[in-house]
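Coordinate-derived values only; no laboratory data. All values derive from a computational prediction rather than experimental measurement. Glycine also receives a Cβ, built like all others from the backbone with ideal geometry; neighbour counts cover every protein chain displayed.
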Amino acid sequence: MKFKYIFLVTILLHLTSVSAQSITAKLIDTNTQEPLEYATAALYDQQSEALITGVITASDGSFTIASIKEGTYFLEVSFIGYAKQRIENIDLSKNEAVLDLGTIALVLGANQLNEVVVVTESATLINKIDRQVFDAKKFQNAQGGTATDVLRNLPSVSVNGLGGLQVRGSSGFVVLLNGKPVQGNATTLLDQLPANSVERVEVITAPSAKYDPEGKSGILNILTKKGAANGTFAQVNVRAGMPSIESYANTKAPQRYGLDATYTLRTDKWNFAFGANYQRNDLAGRREGDVFTIINDTLTQFPSDGERSFDELNYSGRFTIDYLPDEENSFSLGFYGGKRSKDRTADILYFNNTARTPVINGSTLYDFQYFNENLRIRKGDFVLGSFDYAHVFGNLSRLTTSFLFEYTLLGGPTTNRNLGFPDTSIVLQDEFNTNDNPLYGTRFSIDYEWKPFSFGTLETGYQYRSLDHKGDFIYERRNNDTGVFELVPEFSSAVDLGRTIHSGYAQLNGTKDQWDYAAGLRLEAMDRNFDLRDRNNTIDTTYTYNFVRPFPSASVQFTTTKNTKLKAAYSKRIERTTTFKMNPFPEREHSETLEQGDPELLPEFIDLLELGLSRNLKGGNSLFATAYYRNVKNVVNRVNTIFNDSILNRIYSNVGRGRALGLELGSEFKPTKNWSNFLGANFYTYSIDGCFDNKPISTSAFNFSINANSTLRFSDSASLQFTFNYLSARNTAQGEDSEFYSPNLTFRKSFLENRLIATLQWQQIDLGVLNSNEQRITTARRGEFFTTTNYVYEVDMVLLNLSYSFNKNKNESKFIESEFGKREF
């Protein structure tokens, strides 16, 4: 019986393969021989000239038009700034399953200069079946900054007052760099990548099985600039910040300056790319807070005010060597090393600290004030290398392999000193905690892509990932009698996280008539061992967590004859936890706060579902709308408990189930030839239902974010751009984060035939009348505690960026990035 079904399926596949034809080809630039990504290929009936279907080229310039009926057609291929090319008399017969048109070279239009000067302005956004693609060059407010400054302009993305990055209201997402996974803290990674090197950003909100399933709100793929002709390319970018306009009574003035340089050398078979980066990004600010706790019948209240500033320094060097011996093989070797540090100063005065009993109308037990001097230093030295190999077979199938190794040494002390006030020579308490965190990460992957069927392309692959992260946490307190720092065992520990992941996937992608479709399954086996030891050698426990789970995905898109696309997608995801969130031994953040984790913390499992519509309108205008639903099991939240009358304990814990139902909107519109606008918004409801510490949690709220971008061109070499980013108040497991907004203005002027570009930025516009770059965070538990903290960061910052290119070739620098260490940093 089983044999009959197998035989029937075989016959059906055979009939499908012989009755449907496909056309494949590759588009390149005539002069540079580089592939043209996002070019258009449209197929027409030869006799009626009716449009049959159209596709967009992939990153290597290739495209496939599948499931074409027998007949005679002509093909039109085009790309902005290039002359359109028409290929006629394409005759498809039943005995020819795949017609390979080979390589098609496009030439720059007659109205082009020696270098690429696009007369028709390119689109800010391109919608594809599984992602939205944004042109980074459109966001002038990011020039001279970092990749984070680029991302804050996208409809799906928001940045809060503490610099936390979120996609569709969630901080759980994965970053890819040029398609390679980066397992790291996204904000830390993106704050180190120069915005000048970013070409495009792809927001993949319902990823396919080809990608690692990590990230509850999807994937951000950062694509760096590429496309150099043979020869050399050299570019230097310099950034300088003007002195602060507002005063925050900080101990020292912030410094903002940077330098990044890129040099590439390309021949027919070799490509060498070198880069160096040095950035100083300080930020002035203050923190205003109030806290009260209730223990038994005693109320303790401690309002505070003082400095909260950051000194951030990053510098690194990297290179990539590519070798292309022939058209079938390519090799790539990469290296990246550097140092980074981020110092947070929180010098806070706690004034009018009181304790009363009973809580209501009680007598005062004590009343005093003190000054907390707190400095937290985060450091990271890192070295990583990668080796990639790709081979294209005669049947156009493709094999790719990739190996990455990383070593990162994380660490940095925190000093916490409680002093008398106004006499700060009196030392009430002096504490010091530090950690040494060597991390070793390895990743190996192999992928194979071929076209065994006429109705689609099949992709399969295997990936191995290994993480070994050791932590040595030392906490010491000064003995005021002897002056000697003594170990505090209850806050000191040694941890070791070991995690291995084996995963394999199969993915089918295809196109038929006006339909695009993809479906796949990824199977993952994870082993996690978390070894925990205390300094008294009384605790030595290993916590294990293993699973074998499927992660399915599916997406479909229908393109109408009126340039409208309708799509639907589903993806199963996972959000893994970091070592820090699993360490149950408290770490002293500052005077009023400890932080600790849960060694049995479970990963979050997520179901993503979305329905979308996009349409291209006349005059370069466009719009899109995407409705989405995200269901999260084992939601991880940072929640508060009372440690003692004046210290709260922040604990990372699984608190239940989270649900988000949202609508994402975006539009690009041009009222005049020289005035263009891009507007994006995300509206969603978010709820959390569960419990913590045997007490129920039930919270729900409506949240939204808006990112607006308006550009006015005065000439081909001068423009003015205004951006506005707004994040509404949002609910957390125990409270609420207030609204946060950021207005910015940028003037851009090019000189010397676009070799020199000057950008003058006015960031966080406030003028003393707004509350820009300011956010209040509130948490509470009835009858136990209440906290409210307002973070006020620097406004009206003025920066000048200068970028000079020494020749007219394009940039061909694609560097590797950290996959493991930056998540922990």
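Taking 7 Å along the Cα-to-C-beta vector as the label spot, tell me the residue 103-residue 49 distance in nanometres, rounded to one decimal.
3.3 nm
Excluding residue 617 itself, what net charge comes from residues whose Cβ is under 14 Å from its Cβ, given Lys and Arg +1 and Asp and Glu -1? Walk me through the numbers on the way to the answer.
Details: positive: 562, 565, 615, 618, 670; negative: 668.
Charge balance in the 14 Å sphere: +4.
Pop a pseudo-label 7 angstrom from the Cα along the beta-carbon direction at both residue 387 and residue 479 and give the gap in nm to one decimal.
Each label point lies 7 Å from its Cα, and together they span 5.5 nm.
Would you please give the FRET efficiency between residue 548 and residue 691, computed as 1/(1 + (r/R0)^6) with r the Cβ-Cβ distance and R0 = 35 Å, to the nearest 0.05? Mind dumping the intermediate values first?
Details: r = 29 Å, r/R0 = 0.82.
Efficiency computed from Cβ-Cβ geometry: 0.75.
Rank the residues 797, 242, 526 as a footprinting-exposure proxy: fewest other Cβ atoms within 10 Å of their Cβ go first.
Numbers: 797 24, 242 14, 526 18.
Fewest to most other Cβ atoms nearby, the residues stand as 242, 526, 797.
Once the piece of chain linking residue 804 and residue 539 is laid out straight, how much longer is it, given 0.36 nm per residue of separation minus the C-alpha distance between them? Provide the component values of the computation, followed by the final result.
Details: separation 265, 0.36 × 265 = 95.40 nm, distance 5.86 nm.
Working it through step by step, the gained length comes to 89.5 nm.
Exposure proxy check: 201, 175 ranked by fewest other beta carbons within 10 Å? Please report the intermediate quantities before stating the final value.
Details: 201 22, 175 28.
If I rank by nearby Cβ atoms, fewest first, I get 201, 175.
Quick check: pseudo-label points 7 Å beyond the Cα along Cα→Cβ at residue 770 and residue 607, how many nm apart are they?
The two pseudo-label positions are separated by 4.1 nm.
With a/c under 1.5 counting as rounded, go ahead and sort segment 521-591 into rounded, prolate or oblate using the C-alpha gyration tensor (a ≥ b ≥ c being the square roots of the eigenvalues; past the cut-off, prolate if a/b is larger than b/c, else oblate).
Details: a/c = 9.58, a/b = 2.46, b/c = 3.89.
The shape class here is oblate.
Would you mind counting up the charge near residue 74? Only other residues with Cβ under 10 Å from its Cβ, with Lys and Arg at +1 and Asp and Glu at -1. Each step should come with its number before you reach the end.
On the way: positive: 86; negative: 45, 49, 76, 88.
Here the charged neighbours net out to -3.
For residue 514 and residue 343, calculate 0.36 nm times their separation in residues minus their Cα-Cα distance, and state this gained length in nm to one decimal. Intermediate values should be presented prior to the final figure.
Numbers: separation 171, 0.36 × 171 = 61.56 nm, distance 5.43 nm.
Length gained between residue 514 and residue 343: 56.1 nm.
Would you mind calculating the gained length between residue 675 and residue 328 on full extension (0.36 nm times residue separation, minus the Cα-Cα distance), in nm to one decimal? Mind showing how you got there, number by number?
Details: separation 347, 0.36 × 347 = 124.92 nm, distance 4.56 nm.
Full extension from residue 675 to residue 328 adds 120.4 nm.
At a Förster distance of 25 Å, what's the computed FRET efficiency of residue 366 paired with residue 415, Cβ-Cβ distance as r, to 0.05? Please list the in-between numbers first.
Details: r = 26 Å, r/R0 = 1.05.
It comes to 0.45.
Can you list the residues of segment 755-797 with backbone N under 20 Å from a point 7 Å past the Cα of residue 701, pointing along Cα to Cβ?
Only 771-793 fall inside the zone, counting backbone N under 20 Å.
So the label point goes 7 Å from the Cα of residue 525 along Cα→C-beta, right? Which residues of segment 490-519 then have their backbone N under 13 Å from it?
500-504
I'd like the distance between the alpha-carbon centres of segment 405-478 and segment 357-397, rounded to an integer number of Å.
Measuring centre to centre over Cα atoms gives 9 Å.
PRE reach from residue 357 (point 7 Å along Cα→Cβ): which of segment 282-326 fall under 19 Å by backbone N?
292-302
Compute the signed sum of charges (Lys and Arg +1, Asp and Glu -1) over the other residues within less than 13 Å, Cβ to Cβ, of residue 276.
Details: positive: 318, 339; negative: 260.
That works out to +1.
Below 8 Å between Cα atoms, with a sequence gap of 6+, how large is the relative contact order for segment 344-411 in percent? All intermediate terms of the calculation are to be shown ahead of the outcome.
Working: 102 pairs, mean separation 19.1, N = 68.
Relative contact order here is 28 percent.
Residue by residue through segment 446-457, what is 3J(HN,Hα) from phi via Karplus (6.51 cos²θ - 1.76 cosθ + 1.60, θ = phi - 60°)? Round to whole Hz and write x for glycine and proline.
So the Karplus estimates, Gly and Pro as x, are 9, 10, 9, 10, 8, 10, x, 10, 6, 9, x, 9 Hz.
So, R0 is 41 Å and r is the distance between the beta-carbons of residue 397 and residue 313; what FRET efficiency does that work out to, to 0.05?
0.30
For segment 612-708, what class follows from the C-alpha gyration tensor (a ≥ b ≥ c being the square roots of its eigenvalues): rounded when a/c is under 1.5, otherwise prolate if a/b is larger than b/c, else oblate?
On the way: a/c = 5.15, a/b = 2.59, b/c = 1.99.
Cα axes put segment 612-708 in the prolate bin.
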